[in-house]
Amino acid sequence: MKFTRYFLICISIFLWISCGSDKDVKDILSKSDTLLQSNPDSAFTLLESVEELDVLSDETFAAWCLANANVRDILFKEPLSTDYMLRAFNYFKNKGRINEQARIGMFLGHAYNASQQRDKAMNIYLVALDLADRSQDYNLAGYINTYLADLYKAEEKYSQARDKYKEASVYFEKANNLRSRVIAVTNIGLMSFLLNEDAESVLNQYTFSDSLAMELKDSVVSCMVNNRIALFYRVQGKYDLAETYLLKSIEFSKIDIIPNYITLSNIYGLQGKIDKSRELLHEILKSEDNPEAKGGIIYQQYLLEKEAKNWSKALEYYEESMAYVDSIRSAQSKTDLLEIEKKYTTEKIRNENNLLRLKSQRYFLSLVLIIAITLLLIVVFQLIMRRKDKKIRLQEQVLHQKDMFLVKQQLELRQMETELSKKEYELLNRRKVMQEHHTLLEKQNSALELREHEIEKQEEELRLQEKEVEALKNDVNSLKLKVLQNTAISKKIIKCAQKVTVGTDDGKSLLSEADWTSLLNEVNAVYKSFTTSLQQAVPELTFEDIRFCCLLLVGLETKELSVVLSINPSSIRQRKMRIRAKAGLTNAQTTLEEFLCNL
């Protein structure tokens, strides 16, 4: 009896533990649902505190996935894994309500999209859309249509994307969701613009979305709509209207206003208001601390100075912007690497801990059965647990080592941030020096005007010198031709060309391999490293093409070449045309022989 009582106690404890996990998670789900609207970050933290997911029942696990995916969607965080979401979807598909099936289907589509499985995401979105429509959840149907449109837009299928945005707008109107409807209508205008539809049609869409945004009185949405209209007018070349709408967008925007200011500066440049554009960029640069935004502003200054043909200042801005870009890329790559390592380590530890918990529960059940059989096997169980404890300690040591490595990486990142601050200080000093140089350049402008007349005279002298150089080049080429023609192999070739009649296109050259080798050596001697220069200039040439080019330098006529190579004159002309095509000689005034002599 005593042994039976111990056995029943162990069974009861085991059942209480296994059922307790579901109860605790349900309490967490209830609390997170209460916090969802007022404090979604706290709700997310609560849901993430659940660790023993594999031991939960299918119902509790599916409810946790739905709640967690909903919070992640609100906070714009990365979706859960496709394995988790697929398990939850299968549960709701069999036992859930239709609106739950639609929502979990949408979140499963997010997971597929995040893992770059766009075809699966498209299919599951369509299933979820049908479920949302049947459950008359028009707001959810509108969002699903928006996600489908985003997928089409990513694949540059703008016509399908526009149709889906239109469907989303209809659903949002039924759901009285004015904010999402405004965004959908604005995206319809964007798709029409990308499809190159007539400007009036695009403008009608934007005007309609602007009127809805004014009714909504949402500054973020109004900022987006006015920005789209401004960009539309900018492409149309109506810079005054583009400026007006951009200023309205800036007035509505509360965060991330730098892109609007840069676009406004670009419009000033297109209007020819260079000084006004410079002043705007200078003002926003002084008030901006974000290195990425500062790099973009300085690059816009480079484009402005380049457009104004102020080359020295443009070069300075370009080098400065590239320095920002390099430092940002370096810091971002290290940050991304640390984040990936952290995620990998966390997931690995979570999986290992879950496996250990599962194994512990299995051993606990085995212990209950062993107690029912004999108490002597408790010693064996203790030995097994000691081994497991040792394994856990070893894993904790490994985890500690990885934590130390992460701390070291963070210290290196802080050092890089310090170096970046030093470079920013150096750039500020350089900007002061550049301003001083600008003042000096203005003083030197008057002196440069006096030198312009002298430069004109020097340019005239330079043109005369160029003519003399061209004449000398022709004399040198003539001399090289004579030197080459006086070589033994050239004389042999010329003699063969004069004695024999035109060939019958049998392809048997009168020159032996030794003759060709001698010809190549003589050509390389007269025209220094001719074959090497020719291969570098025209890599597509074959060895036979290079031989033919060397033969052209001897100065033979087309008929003489056909005699030496035993081919028809028309084949000679075709070979020349092929070599000209490979060399990219599109100028008909430049002969192939002139091109070869000037290599």
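The values are calculated or read from the model by the stated rules, or taken from the named source; none is laboratory data. In this text the structure is predicted, and so the values were computed from the model without any measurement. Cβ sites come from the backbone with ideal geometry, for glycine too, and all protein chains shown count toward neighbours. For the accessible areas, the whole protein counts, side chains as well, though only heavy atoms, and no ligand, DNA or RNA atoms are used. Shrake-Rupley method; radii C 1.70, N 1.55, O 1.52, S 1.80 Å.
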Subset of segment 383-430 [open to solvent by less than 70 Å² (accessible area, probe 1.4 Å), closer than 30 Å to residue 363 by Cα and of a type in the set (S, T, N, Q)]: 395
If you go through segment 367-382 one residue at a time, do you hit one that is out of contact with any Phe, Trp or Tyr (no Cβ under 7 Å at 6 or more places or on another chain), open to solvent by less than 70 Å² (accessible area, probe 1.4 Å) and within 30 Å of residue 329 (Cα to Cα)? no
Selection from segment 427-460 of residues over 26 Å from residue 325 (Cα atoms) and among the acidic types (Asp, Glu) yields 442, 449, 452, 454, 456, 459, 460
Within segment 147-183, residues being of a type in the set (A, V, I, L, M), part of a helix (DSSP H, G or I) and in contact with a Gly (Cβ under 7 Å, 6 or more places away or on another chain) number 1
Pick from segment 538-547, criterion under 15 Å from residue 583 (Cβ atoms) and in contact with a helix residue (DSSP H, G or I) (Cβ under 7 Å, 6 or more places away or on another chain), ranking: surrounded by the fewest Cβ atoms within 10 Å (Cβ to Cβ): 540
Within 32 Å of the chain's Cα centre (by Cα), outside the structural domain of residue 195 (by the TED database) and farther than 24 Å from residue 185 by Cα: does that describe residue 43? no
Here the residues within segment 180-198 that are open to solvent by 40 Å² or more (accessible area, probe 1.4 Å) and over 16 Å from residue 147 (Cα atoms) are 193, 194, 195, 196, 197, 198
Any chance segment 21-33 includes a residue that's in contact with a Ser or Thr (Cβ under 6 Å, 6 or more places away or on another chain), in the same structural domain as residue 94 (by the TED database) and touching a residue at least 12 places away in the same chain (Cβ under 8 Å)? no
If we ask which residues in segment 91-132 are among the acidic types (Asp, Glu) and either surrounded by 21 or more Cβ atoms within 10 Å (Cβ to Cβ) or more than 32 Å from the chain's Cα centre (by Cα) (or both), their number turns out to be 2
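Taking the options 482, 467, 408, name whichever one is in a helix (DSSP H, G or I) and more than 30 Å from residue 552 (Cα to Cα).
So the residue among 482, 467, 408 that is in a helix (DSSP H, G or I) and more than 30 Å from residue 552 (Cα to Cα) is 408.
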Condition test on residue 551, is it hydrophobic (A, V, I, L, M, F, W, C) and free of Cβ contacts under 8 Å to residues at least 40 places away in the same chain? no
Can you go through 524, 568, 486 and tell me which one is at negative phi, under 52 Å from the mean Cα position of the chain (by Cα) and either surrounded by fewer than 11 Cβ atoms within 10 Å (Cβ to Cβ) or modelled with pLDDT of 85 or more (or both)? 524
